[in-house]
Amino acid sequence: MTIAKQPSYFIGLMTGTSLDGIDAVLVDFSAQPARLIASHSMPMPIDLRASLLQLQSASPNELHLAQLAANAHSAASAEVVARLLDQCGVSAAEVQAIGNHGQTIRHRPEQGYTLQIGNHALLAEYTGIEVVGDFRSRDVAAGGQGAPLVPAFHADLFAAPAINRVVLNIGGIANLSWLGADGLVSGFDSGPGNVLLDLWIDRHQSRPYDALGAWAQSGKVHTPLLAQFLSEPYFALPAPKSTGRDLFHAQWLDAQLAHMGAVLDPADVQATLCELTAISIARAIAQLGKADEVFVCGGGAYNLHLMQRLNVHLSCRAQSTAMLGLDPSWVEAFAFAWLAMRCKAGLSGNLPAVTGARGERVLGAIYPR
């Protein structure tokens, strides 16, 4: 008689650089491979999104504002968790922990810190579930970039023997995981993903994102502007490296446009920003070797024009991670459930070859239920 294993439930919560929503997944780690049980997403509340955007740059009274935003973030996250559990009939008592990424408002590893806000104690209080948070700080303390953290998870879930496989996460920032045929894993942030595309369409059309990349497709790539974008020193930096809104923000974009000395058609700028994302990703992958397969997750997987431009520049066809059995919307939240599981088990969650840390470290701080 076979006795069924008790489920080992963890929740992953993710709000990324795009600030478009709060994603939650329930994962069962009792078997291999781990199984996605349920998922739920809620649009980022408008007031909270505005507060988080304001906190991306220095402002008066920002410590107070950051704590208020952290509390609001936790309240919204608790609502997402409640809806997630309600839809699958799992109780809070059955969940071992929530892996809560929080919201990055500063990422300055060269100065020894990274800051993701979110009141983990309050989230534990609201949900009655243990919370694991602050995943990046320990890697930074060990001399690492604190990012990207997902390559370790990608290697665990997606690596394939005898294949050079790339898993490409295109959120606000794009990061890639190289899963080598020889078993070696590497990765880094290639540069902007959707962040500048979202910023530009919001400025000109008051829309949060360019659905399917239709606006970018309507424009023409402005070659001098593309060259100006690609002259950004970050692209030439060697790995390990990571970036975020600290670099790729509205002021950066406006400074690049000012070099042109003329007002450009907004649709052409959007087309050029899309080309920047595609080319910077393709060049980053080429630095690591010849990829046999490229699988894309994150919001960028739904930008059809961006996917088309990637396929122009890559040596192989880019496909959605749905082809590997995991919807691209949920990969990153799944990763933070995995990191919470690793923390609870006392297992390392970083890859020094990716982040530049002095060694493997257990990531995260635990807030009891």
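State the number of residues belonging to region 214-241 that are in a loop (DSSP other than H, G, I, E, B) and more than 20 Å from Ala262 (Cβ to Cβ).
The number of residues fulfilling the criteria is 6.
Run Cys274 past the list (1) surrounded by 15 or more Cβ atoms within 10 Å (Cβ to Cβ); (2) more than 22 Å from the chain's Cα centre (by Cα); (3) not aromatic (Phe, Trp, Tyr) and report the number of the one that doesn't hold.
(2)
Would you check if there is a residue in region 65-83 being assigned by TED's automatic domain parsing to the domain that holds Leu26 and at positive phi?
Checked region 65-83: no residue is assigned by TED's automatic domain parsing to the domain that holds Leu26 and at positive phi.
Please determine, by comparing only the residues of region 296-312 that are touching a strand residue (DSSP E or B) at 6+ places or on another chain (Cβ under 9 Å) and in a helix (DSSP H, G or I), which one is surrounded by the fewest Cβ atoms within 10 Å (Cβ to Cβ).
This residue is Asn311.
Mind listing whichever residues of region 20-56 are in contact (Cβ under 8 Å) with a residue 60 or more places away in the chain and under 14 Å from Ser329 (Cα atoms)?
Scanning region 20-56 gives Asp20, Asp23, Ala24, Val25, Leu26, Leu36, Ser39, Ser41.
Go through region 313-369 and give me each residue that's buried (at least 22 other Cβ atoms within 10 Å of the Cβ) and either among the aromatic types (Phe, Trp, Tyr) or touching a His at 6+ places or on another chain (Cβ under 6 Å) (or both).
Trp330, Phe334, Phe336, Trp338
In region 246-258, how many are part of a loop (DSSP other than H, G, I, E, B) and either at pLDDT below 95 or hydrophobic (A, V, I, L, M, F, W, C) (or both)?
Result for region 246-258: 3.
Could you say whether any residue in region 96-115 is within 25 Å of Gly346 (Cβ to Cβ) and among the acidic types (Asp, Glu)?
no
Residue by residue through region 107-116, note down the ones that are part of a strand (DSSP E or B) and out of contact with any Lys or Arg (no Cβ under 9 Å at 6 or more places or on another chain).
Residue satisfying the conditions is Arg108 alone.
I'm trying to understand the selection: among the residues of region 313-332, which are free of Cβ contacts under 8 Å to residues at least 60 places away in the same chain and either assigned to a loop (DSSP other than H, G, I, E, B) or touching a helix residue (DSSP H, G or I) at 6+ places or on another chain (Cβ under 6 Å) (or both)?
Correct list: His313, Leu314, Ser315, Cys316, Arg317, Ser320, Gly325, Pro328.
Would you confirm whether any residue within region 79-99 is crowded, with 20+ Cβ neighbours inside 10 Å and either without any contact (Cβ under 8 Å) to a residue 40 or more places away in the chain or of a type in the set (Phe, Trp, Tyr) (or both)?
Looking for residues that are crowded, with 20+ Cβ neighbours inside 10 Å and either without any contact (Cβ under 8 Å) to a residue 40 or more places away in the chain or of a type in the set (Phe, Trp, Tyr) (or both), one finds none in region 79-99, hence no.
Consider region 67-104. How many of its residues are among the hydrophobic types (A, V, I, L, M, F, W, C), touching a helix residue (DSSP H, G or I) at 6+ places or on another chain (Cβ under 9 Å) and closer than 20 Å to Asp20 by Cα?
9
Does region 146-164 contain any residue that is under 21 Å from the mean Cα position of the chain (by Cα), farther than 19 Å from Cys343 by Cβ and of a type outside the set (Phe, Trp, Tyr)?
There is at least one residue in region 146-164 that is under 21 Å from the mean Cα position of the chain (by Cα), farther than 19 Å from Cys343 by Cβ and of a type outside the set (Phe, Trp, Tyr).
Exactly one condition in (1) out of contact with any Lys or Arg (no Cβ under 7 Å at 6 or more places or on another chain); (2) surrounded by 15 or more Cβ atoms within 10 Å (Cβ to Cβ) is not met by Gln145; state its number.
Single failed check for Gln145: (1).
Only one of Ser190, Ser186 is at pLDDT 95 or above, assigned to a strand (DSSP E or B) and surrounded by fewer than 24 Cβ atoms within 10 Å (Cβ to Cβ); which?
Ser186
The values are calculated or read from the model by the stated rules, or taken from the named source; none is laboratory data. For clarity, every value in this text was computed on a predicted model and none was experimentally measured. Positions of Cβ are generated from backbone atoms using ideal geometry, with glycine treated the same way; all protein chains shown enter the neighbour counts.
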